[in-house]
Amino acid sequence: MGLQPLEFSDCYLDSPWFRERIRAHEAELERTNKFIKELIKDGKNLIAATKSLSVAQRKFAHSLRDFKFEFIGDAVTDDERCIDASLREFSNFLKNLEEQREIMALSVTETLIKPLEKFRKEQLGAVKEEKKKFDKETEKNYSLIDKHLNLSAKKKDSHLQEADIQVEQNRQHFYELSLEYVCKLQEIQERKKFEFVEPMLSFFQGMFTFYHQGHELAKDFNHYKMELQINIQNTRNRFEGTRSEVEELMNKIRQNPKDHKRASQFTAEGYLYVQEKRPAPFGSSWVKHYCMYRKAAKKFNMIPFEHRSGGKLGDGEVFFLKECTKRHTDSIDRRFCFDIEAADRPGVSLTMQAFSEEERKQWLEALGGKEALSHSFNTAIIPRPEGNAQLDKMGFTIIRKCISAVETRDVKTCNEVDLENSADWEVKTITSALKQYLRSLPEPLMTYELHGDFIVPAKSGSPESRVNAIHFLVHKLPEKNKEMLDILVKHLTNVSNHSKQNLMTVANLGVVFGPTLMRPQEETVAALMDLKFQNIVVEILIENHEKIFRTPPDTTFPEPTCLSASPPNAPPRQSKRQGQRTKRPVAVYNLCLELEDGDNPYPSKEDTPTSSLDSLSSPSPVTTAVPGPPGPDKNHLLADGGSFGDWASTIIRSRKARAVYPCEAEHSSELSFEIGAIFEDVQTSREPGWLEGTLNGKRGLIPQNYVKLL
């Protein structure tokens, strides 16, 4: 049973049971007071913990933001560029989350702590004051009654009457005070139901608002996550392909290190110990130098270097060679020595020591000494052993039969090659034979001569420029090479069209056939680091097979070697002249600027992560890259055949967008923003190459290639 009501009529009688009921109400209010006091303490601890968490999260975000990956080589793929930017994206997500957390922490103070403190101070505190007054008046009233009743009856009547009046007045005052106190006790019992619970409701509303904001951020992150997963998978696949090639090269060099020396600008180079003579009685010392010699100029460079001291590099010396003489052990108590005289230092002779007799003979040959070997330091490119495969009728037959067997598994007759007699010959066996044939050609199908030219556009430019460059180069291949490449790429296109069943996406096929169709003439680690760009070239061929092999290239396209191999850090901004905006060049569009085609702006689950979103060429049927504003004489087409206007209609519905590059406004009509800024109500602008959107309540123009639509 709950608290019994306090009847006003009981105030006059002030019975023991009435007093018990009052004490029960007072005890309940004291319990409530202690509970609220403890709750306020816990709430403040919660705020402190939230702030501590926020500080830790922000520090973590700053650490992510400040780290930058270093990549091997002179360029990175679009996948690697997105991976590099991912830490800043993660940092921005955390930063946005912590901003919402701070709002929640502030709301806890304003909506919970302060109202509860106010209720405890103004309401429960007031009841405490009333209780003190009530207890004081109770003591006074009953003390006065006791004193009054102890008056002698022999007192004068006037004195007794005066005492009676005083007691009655005091009892009346006490009665009124009792009524007020009882009213206050019952009022506060009822008031606490809403005065206490309402702040709790506001607290939970603020907390769920925070979680809702987190949910919205999670939705934004989900789209980014799916894209990044594909970037990571593509990069992992390329890594596995590159690693196997690097390990193969490492094993070759391990078995025959002298046959795999790199070509060098120097006739001879390597470590030699140089004798440094000292005044008697200190004798001499031998100091290790890295020495380099150019025979044509007779120029000799040597730089002291000691590995054991942490790789300390000393000051180098340069002189011109006059002559070199072999030293015999009867003239010096060291092996493998020879003397060098400098033409520009008369009377100066240096004694040097090689690591072995063989190396001494090589140095003597390079320096024009008396003894020489049949081979020298001049490390020309070691040619690869030529295979037996040829681009002849037999080769074309093998390729066509392999492709037919893979695509149909129903080859009935073949005079030269019967692939179907053995039940053990599965698809993977046939494809292995196909790749082995291609790798056994005297040179790769896409030739050594054009290898570097094919790599350059894969490292830079917009998707459209990459396709145009590859298109141009394919038609520079020898006719037989181009014909066989056409047959093979058509097959790979068919395979990629069934990637949902066979898991062979365009990116996966690039990893498999990149090293097969393209190989550098010189096997080095630096060359193998470009394998990922070979894969990209193959992806471009697959995604644009019809255009590249069925249409002539643009004869006005510049030579690929003129293209810059260094990708820009951010797209170029459009300049303004006399208040008018001029056309700006299309920027490097990477995955962050790609859209799904069709009406649905978001990818379906079956399209990710196996489909290749890393479209480094022009848009594929899987993804539609924003091609930039069309010029007056050119209409950029999307993957589904639509024009730029069709793409514009997909965003006129008012979408959100996220900044993938920072931008500083150059005009009052433009918006300034940092990476990760979220734009609301994004629509196409009447100005080509620009969007309109709202950021922090301000509406303005946004460079189209600086944002990613959500």
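The values are calculated or read from the model by the stated rules, or taken from the named source; none is laboratory data. A quick note: this is a predicted structure, and the numbers were derived from the prediction, not measured. In this analysis, Cβ positions are derived from the backbone assuming ideal geometry, glycine residues included, and neighbour counts consider all displayed protein chains. Heavy atoms of the whole protein, side chains included, go into the accessibility calculation; ligands, DNA and RNA do not. Shrake-Rupley method; radii C 1.70, N 1.55, O 1.52, S 1.80 Å.
Some points to look at:
- When the alpha-carbon atoms of the stretch 1-129 are used, the pair Rg, Dmax equals 28.1, 99 angstrom.
- Annotation: peptides 460-472, 134-146, ranked by per-residue average of other Cβ atoms within 10 Å with the highest first, follow the order 460-472, 134-146.
- Legend: translational diffusion of the stretch 132-171 by Stokes-Einstein, Rh = Kirkwood radius over C-alpha pairs, 10 °C, 1.306 mPa s; D = 148 µm²/s.
- Gained length - D74 relative to E198, 0.36 nm times residue gap less alpha-carbon distance: 38.4 nm
- Accessible-area order (highest first, 1.4 angstrom probe) of the listed residues W286, W690: W286, W690
- Positive-end extreme of charge dipole, the stretch 168-312 - chosen from A296, I253, F266 (charges on Cβ): A296
- Unit charges on C-beta of K, R, D, E only; dipole of the stretch 296-342, Debye: 180 debye
- Spatial separation of Cα centroids for the stretch 8-53 and the stretch 680-710, in angstrom: 57 Å
- Theoretical FRET efficiency, 1/(1+(r/R0)^6), r = Cβ-Cβ of T109 and R236, R0 35 Å, to 0.05: 0.15
- FRET efficiency, 1/(1 + (r/R0)^6) with R0 41 Å, evaluated for I253 and F320 via beta carbons: 0.75
- F8-R294 pseudo-label distance in nm [points 7 Å out on the Cα-to-Cβ vector]: 11.3 nm
- Working from the Cα coordinates of the stretch 421-519, the gyration tensor eigenvalues give, after taking √(5λ), semi-axes of 26, 18, 11 Å in decreasing order.
- Ranked order, M226, M518 - accessible area, probe 1.4 Å, largest first: M226, M518
- Q501/Q436 FRET efficiency (R0 25 Å; Cβ-Cβ; nearest 0.05): 0.50
- Full-stretch length increase - I303, Y142 - with 0.36 nm per residue and alpha-carbon distance subtracted: 47.0 nm
- Computed lengthening from K225 to D84, 0.36 nm per intervening residue step minus Cα-Cα distance: 49.4 nm
- Violating pairs (Cα-Cα greater than 27 angstrom) within the set K476/K547; K299/K459; K295/K459; K435/K708; K44/K136; K41/K219: K299/K459; K295/K459; K435/K708; K44/K136; K41/K219
- Per-peptide average of other Cβ atoms within 10 Å, ordering 389-400, 230-241, 172-183 highest first: 230-241, 172-183, 389-400
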